[in-house]
Amino acid sequence: MQTVHISRNFDSWRDAAREHLRLGTDPADLFWDDGTASASLFEISGEKPDVPPPEREIRLPKSFIDLARWVACHSDPDRWSLLYRLAWRLAIGNERQLLNLETDDDVRRAQILAKAVRRDRHKMTAFVRFRKTGIDSKTGREQFVAWFEPNHFIVELTAPFFQKRFASMDWSILTPDRCAHWNGKNLWFTDGISKSEAGVDEDQLEDFWRTYYANIFNPARLKLKAMQAEMPVKYWKNLPEAPLICELTREAALRTTDMIDTGVNHERTHVSEKIPKGVPQFTAVPQVDPAAVFSRCEALDIREIRDLAENCRACGICENATQTVFGEGPEDARIMLIGEQPGDGEDIAGRPFVGPAGRLLDEALEDAGLNRDELYITNTVKHFKWKSNLRGGKRRIHDKANRGEIEKCKPWVLAEISKVRPEKIILLGATAAQALLGYGFRVSRQRGLVPAADIAETVIATVHPSSLLRIRDPELKQADIVRFVEDIRLAA
């Protein structure tokens, strides 16, 4: 058996694996050592066998390379052996369709490791909390530091997200494994440190954050199991808001009862026939023509377009909606998701895909290897169209926008496409697909990659996640969710 010494990163493994694949080295004859694994029980030689490399061209599919990059960040010491075994089977064993066999033990293991890394990366983007440490006397830039404890080796993988999100700050993210630093010009990495060495103390901003957190907490929507699934207890020790959670949850039942008794925004009755209770009536504003805005969108940035959309009254939907729900995400996003229209939760929050369909979408994106924070997400129609429950009750029922309403609203999404210029667009549901591809388009017959679409280099049409929530049969529902994830993965 031969020891292969590599650095703990994908590129180092790839170079060594390519050499051994050219030699045709059997996976069982190699022991991969990145400096963290335990020594083999067998006598291991560090010398390479004196065998001339055969004339063998090594080709591996892009899907394997993408998968391997995720797996390489896992903390499992056997990941290098697993990846080489898969590469050997693909290149030498001629199992070209191997990655399509999800029941294969090696494939399934690799997918599990990759999913764990994607989830860990998502948690890092969600639960890193910066603390202000001062201001640089030379540059005047604010300086921040954060402490985080990831499960896997994801710091270098995730740091570009923070570089883009917090470009105006000087910051350091400290972890036991690796530390990332940004000074406005350069991103670099250093060895990990212990929490005691980090010396991360509270700052005044955390008092403001806790006050804000306590005030936006909605006791009527408390779901402990869902909260702990999305925010596991292991992360609480580094969250400044964590000390409030027990008290807020303990008081939730009493606060909900008080809220119902006082009737604050709960009954969804109306101040007038047009405006939901608790929502300020629209003041007189200049009429905004969506088509006119689109015609001059080259001279506007996306924030200016968003501000103009807030005052759009081109169709009647806005009269009964709480607010405009514009798109959100990086303005240079590579991938754009376009849905149909906001739902009840989105109408209240003012953000797209935050309700039940949004949670299902988040899970599908994670399974497909995409990070929501790197996508631009919007809807074709910018206001929530609804009708009253015919059986009584106070719940607002989704009502489909008609073609005239869609056409009046379409210039807004066209303006978003024009400004973001995504490489790939995923259309979720019939409204989005028909508005942008033509009213003869049928998602049921034409879902998947759309040929010769002119709105982006790659266009994918699929169902809206809300349609999956309406499937009652558990087996059919799971099968359709799997197919939905496969559609989204076409953009990965």
For this session: Obtain the nm distance between the two label points defined at Arg141 and Ser168 by a simple spin-label model: each point lies 7 Å from its Cα along the Cα-to-C-beta direction.
Result: 1.3 nm
Seminar exercise, completed: Label model pair Asn311, Leu449: point-to-point distance (7 angstrom along the Cα→beta-carbon line) in nm is 4.5 nm
Exercise. Taking the inverse of the average 1/r across all pairs of different Cα atoms in segment 128-198, what Kirkwood radius in Å do you get?
Worked result: 12.3 Å
Problem set entry | In sequence order, calculated HN-Hα J values of segment 366-383 (Karplus, 6.51, -1.76, 1.60; Hz; x Gly/Pro) | 5, 5, 8, x, 10, 9, 4, 5, 9, 10, 9, 10, 8, 10, 5, 9, 9, 10
For this session: Enumerate the residues in segment 334-376 having an amide nitrogen under 20 Å from the point lying 7 Å beyond the Cα of Thr458 toward its Cβ.
Result: 334-339, 361-376
Problem set entry | Kirkwood estimate for segment 291-335, i.e. one over the average of 1/r between Cα atoms, Å | 12.0 Å
Seminar exercise, completed: Among the Cα-Cα pairs of segment 315-473, the proportion with separation greater than 26 Å, in percent, is 22 percent
Problem set entry | Relative exposure of Arg447, Arg395, Arg118, Arg141, judged by other C-beta atoms within 10 Å (fewest first) | Arg395, Arg141, Arg447, Arg118
Exercise. What FRET efficiency comes out for the pair Arg442/Thr190, r = Cβ-Cβ distance, R0 = 60 Å, nearest 0.05?
Worked result: 0.65
Exercise. Using the Cβ atoms and a cut-off under 15 Å, what net charge is assigned to the surroundings of Arg14, where Lys and Arg are +1 and Asp and Glu are -1?
Worked result: +3
For this session: Subtract the Cα-Cα distance of Asn402 and Glu363 from 0.36 nm times their separation in residues, and report this length gain in nm to one decimal.
Result: 11.1 nm
For this session: Could you tell me the distance between the Cα centroids of segment 337-416 and segment 166-183, to the nearest Å?
Result: 35 Å
Exercise. How many angstrom lie between the C-alpha centres of segment 89-120 and segment 425-465?
Worked result: 30 Å
For this session: Would you tally the net charge around Arg470, using a Cβ to Cβ cut-off of less than 12 Å, leaving Arg470 out, and scoring K and R as +1, D and E as -1?
Result: 0
Problem set entry | Leu248 versus Asn151: modelled label distance in nm, points set 7 Å from Cα along the beta carbon direction | 2.4 nm
For this session: Output ³J(HN,Hα) for segment 321-329: one whole-Hz value per residue in order, computed from phi by the Karplus curve 6.51 cos²θ - 1.76 cosθ + 1.60 with θ = phi - 60°, and x for Gly and Pro.
Result: 9, 6, 6, 6, 10, 8, x, 8, x
For this session: May I ask you to compute the full-extension gain from Asp104 to Asp373, defined as 0.36 nm times their residue separation minus their alpha-carbon distance, rounded to one decimal in nm?
Result: 93.7 nm
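Every number here is computed from the coordinates shown, using simple stated rules; none is lab data. Because the structure is a prediction, the values reported are computed rather than measured. Cβ: placed from backbone, ideal geometry, glycine included. Neighbour counts: every protein chain shown.
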